[in-house]
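Have a look at the structure below, then the notes.
Derivation of every value follows stated rules applied to the coordinates shown; laboratory data play no part. Here the structure is a predicted model, which is why all the values come from computation and not from measurement. Because the Cβ atoms are built from the backbone with ideal geometry, glycine has one as well, and the counts that use them run over all protein chains shown.
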There are 2 protein chains.
Amino acid sequence: MDSKRTNRRELLKGGAALAGGVTLGELAASQAQAHDHPMTPGSENASPMILGSKELVEYGQRSRYVTSVRIQHPPGGRPSPDLFGKVFHVASPLQDSVGVITPSSLHYVATTRGSYMPDIDPKLHTLTIHGLVDQPLTLTMDDLKRFPSVTRLHFIECAGNRHTPQQKTVQETHGMTSCAEWTGVPLSTLLKECGLKGSATWFVAEGAEEVKGASSMPISKAMDDCLIAYGMNGEALRPQQGFPVRIIPPGFEGIFHTKYLRRIKVVDRYYMNYNDFGHLRPDPKELALSEQIGPKSVITYPSGGQQLPGRGFYEISGLAWSGGGAIRTVEVSTDGGKKWNLAELKTTPQRMAHVRFGYPWTWDGNATEILSRATDEIGQVQALREQIAQWWNVPVERNYRVPGLDNSVMPWKIAKDGGVTNGLA
Amino acid sequence: MDSKRTNRRELLKGGAALAGGVTLGELAASQAQAHDHPMTPGSENASPMILGSKELVEYGQRSRYVTSVRIQHPPGGRPSPDLFGKVFHVASPLQDSVGVITPSSLHYVATTRGSYMPDIDPKLHTLTIHGLVDQPLTLTMDDLKRFPSVTRLHFIECAGNRHTPQQKTVQETHGMTSCAEWTGVPLSTLLKECGLKGSATWFVAEGAEEVKGASSMPISKAMDDCLIAYGMNGEALRPQQGFPVRIIPPGFEGIFHTKYLRRIKVVDRYYMNYNDFGHLRPDPKELALSEQIGPKSVITYPSGGQQLPGRGFYEISGLAWSGGGAIRTVEVSTDGGKKWNLAELKTTPQRMAHVRFGYPWTWDGNATEILSRATDEIGQVQALREQIAQWWNVPVERNYRVPGLDNSVMPWKIAKDGGVTNGLA
């Protein structure tokens with residue numbers, strides 16, 4: 001696709017320059033319309049118009065034809081009174097995603113309890129750092145914004161993402177992850193300002209939610225790359241993302257990304273908190289202090305519930321990410337896992353951030369299965385479901401529930417009629 | 001700020017590790033509050049709450065405390081009936097910006113005529129490529145999305161940005177530029193599919209706006225890096241940005257980024273169009289076929305209308321960009337241009353994209369002037385206003401109107417009381 005390396009002669013031939021030849025089954029019919037549009041001013045059908053308004057001048061809105069929305073997660077798992085009262089897990093429409101930025105209005109949301117969000121006046125909000133420090137610090141939002149800032153792309157993912165593998169769409173199976181451009185102050189900068197005592201080995205980050213959203217993390221993570229974030233995708237955090245400030249410990253499970261952050265206590269041991277419910281299991285095999293999201297990828301197009309209009313060329317598109325660093329490679333199989341092919345990384349891989357991958361595919365119209373597999377910069381490879389079953393010594397059934405975090409390879413079945421369904425259902 | 005290179009001993013000392021020492025004048029007072037927040041559950045004042053709703057589950061909104069909005073450009077320049085009827089230039093609130101992504105709702109908007117936007121049903125929209133090609137092509141949006149896609153960060157800037165230099169705020173002086181993650185199909189891919197005839201040297205991109213927004217561009221630009229974009233910041237283009245599809249010729253003036261794109265005609269010469277009004281001037285000195293935005297930067301904090309609360313540490317923050325490629329360096333002066341210091345680039349410089357820069361500054365409380373100057377990867381340096389006056393042989397007055405595009409260095413005056421004003425006013 002690099003036009004600079006293609007000489008003019010090749011360009012003039014057209015079409016052939018594309019790997020595999022782009023043959024879109026639907027094109028022939030629509031080409032007949034080409035001459036309905038003469039280059040004569042005024043001869044076109046006028047579009048209906050949207051009237052400008054003060055509100056649209058100040059803050060724009062999407063088209064009424066764009067209806068992609070978030071959904072409750074898991075779908076239908078809770079009755080509606082619960083949804084707005086207690087449980088509040090909301091999945092992002094990955095099937096409609098492009099690029100790597102998740103629009104803030106569509107970023108996944110999870111709270112530990114309740115959909116009632118703190119409605120915080122940033123002028124009254126403070127962040128206190130105390131505990132095993134030489135000098136405790138209480139910062140207003142204005143204070144915080146005076147420190148040197150950084151801006152980085154990072155994903156967040158709920159540990160519960162994909163906890164029931166048979167769901168229909170990629171929004172239902174993988175929608176509890178999103179990626180945004182975060183701006184804030186490195187936690188290391190603030191801790192240096194306070195001065196850490198020698199016994200400081202852990203810290204607890206506490207938010208203003210009903211159950212405080214407290215999480216314990218090692219002080220080494222704080223000094224490495226934790227961000228005290230007040231900006232998201234170029235504006236202030238949204239209330240559902242912890243306005244006015246949250247912590248981003250890149251690559252750690254979503255529950256560690258404490259929202260409405262009001263206190264960091266530096267301590268000398270792991271503190272058990274409400275948020276640890278996600279790590280407690282009756283089965284000792286499953287009991288573990290997990291933190292880091294494993295390497296993961298999923299094909300977003302074509303994915304469950306979508307329909308291929310016919311055989312021909314498609315670009316398989318998807319997202320890959322890892323808590324272990326940047327994604328190094330993504331492989332795609334279009335024959336159920338027999339052959340794996342290197343995908344193209346469409347965006348620059350960044351540490352603990354989604355990367356968009358693409359793979360050119362000419363579908364021959366036969367039933368098949370498509371899969372993707374990610375490898376991160378420290379060499380971790382996303383495992384097949386069968387491999388994970390072997391590690392845990394459970395029966396190799398494709399739809400068993402993986403203990404703990406499920407980062408296994410996701411298969412999508414393509415039927416002869418072009419319908420796409422979950423390969424595990 | 002690199003914690004890995006700082007040994008534990010240095011960290012424990014605190015504060016000293018920061019260049020210049022972060023001394024926030026306001027901190028001493030607020031530290032006294034540190035003990036108002038004991039780590040005892042239930043003892044905090046409860047925040048007011050936002051009740052979850054079906055609408056907020058589906059599509060989130062910003063906090064009611066975040067009120068940053070776009071404004072008419074130039075401010076007060078037109079009476080209100082005009083604003084919603086004919087003129088429609090809307091500037092982005094750069095003074096509140098963080099990072100490099102402009103939220104789609106706050107992206108600047110310019111149309112050639114009228115605030116009535118086409119309200120296009122994407123199912124009925126087609127893009128036709130014709131003229132000097134072997135095989136004309138008409139693509140539906142579904143067809144277009146089957147081609148291999150790319151995702152890139154690019155700024156857009158109106159050539160009229162900063163055309164009256166004395167305005168008060170950075171939104172008023174520089175708000176007609178924004179930056180987004182665009183997803184779409186390289187125009188080169190589509191032209192290869194059609195096959196270019198040997199005489200193809202220019203193309204005209206036409207949109208569905210009242211005056212069609214047609215622009216002529218060299219075919220070499222099409223084959224190099226033009227994008228036929230349907231995605232913006234992870235979702236569909238917004239109507240104000242050309243939903244369902246626009247052309248992005250990276251680094252070219254905004255007027256070439258035709259919205260509501262419905263036709264590309266490949267031709268053998270420059271075609272004069274309505275959009276060329278921006279390039280026609282009665283003065284032959286000013287008459288030029290300009291396309292590319294020059295290297296440019298502006299300090300967004302502290303900027304006009306803002307107020308420094310007192311002397312002490314601040315991070316000067318701003319944006320830099322160039323139509324000539326990626327930004328190589330940004331320099332900042334805090335003494336009215338006598339000494340220039342290298343700023344830190346806070347995000348990875350990308351070709352024809354905003355980059356966020358920062359410079360640590362301890363203000364001594366005296367009146368001064370702060371400025372920034374960008375250099376791009378091909379060595380172009382943003383000029384001082386005095387240099388430009390010399391080139392054009394006009395009197396060296398700081399507030400004269402630069403002919404054509406104004407990419408001169410922007411000075412902000414800091415008064416003794418911390419007030420920030422336009423250095424050209």
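Observations, loosely collected:
- Distances from B:Gln307 to itself in the other copies, using label points 7 Å out along the Cα-Cβ axis, amount to 6.1 nm in increasing order.
- Mean per-residue shielding of peptide A:191-198 is 5, counting Cβ atoms of other chains within 10 Å of each Cβ.
- In nm, spacing of pseudo-spin labels at B:Ala415 and A:Met49 (7 Å Cα→C-beta vector): 4.4
- Average beta-carbon neighbours from other chains, 10 Å sphere, peptide A:235-248: 4
- Proxy reagent accessibility, fewest Cβ within 10 Å first, across B:His125, A:His73: B:His125, A:His73
- The peptide list B:127-139, A:183-195, put in order of mean Cβ contacts within 10 Å with the highest first, becomes A:183-195, B:127-139.
- Taking amide H atoms as placed 1.01 Å from N in the peptide plane, the amide H of A:Ile71 lies under 5 Å from those of A:Ala91, each 5 or more residues away in sequence or on another chain.
- Relative contact order for segment A:296-422, counting Cα pairs under 8 Å that sit 6 or more residues apart, in percent: 32
- Distances between copies at A:Met49, taken between label points 7 Å from Cα along the C-beta direction, are 4.7 nm in increasing order.
- Segment A:366-425: GluC sites (Glu not before Pro) in DSSP coil with no more than 15 other Cβ atoms inside 10 Å: A:Glu377, A:Glu397
- Whole-angstrom gap from segment B:171-191 to segment A:178-210, using each part's C-alpha centre: 35
- Amide H within-cut-off set for B:Asn341, under 5 Å, with H built and near neighbours excluded: B:Val332, B:Ser333
- At R0 = 30 Å, FRET efficiency that the Cβ-Cβ distance of A:Thr362 and B:Ser220 yields, to 0.05: 0.50
- Shortest-first distances to equivalent copies, position B:Asn341, nm, label 7 Å out along Cβ: 5.4
- Taking all Cα pairs closer than 8 Å and separated by 6 or more residues, the relative contact order of segment B:104-279 comes to 28 percent.
- Amide H contacts for B:Thr300 (H built 1.01 Å from N in the peptide plane; partners 5 or more residues away or on another chain; cut-off under 5 Å): B:Ser317, B:Gly318, B:Leu319.
- Peptide packing for A:251-258, A:56-63 was compared via the average number of neighbouring C-beta atoms within 10 Å per residue; ordered from the highest value, the list is A:251-258, A:56-63.
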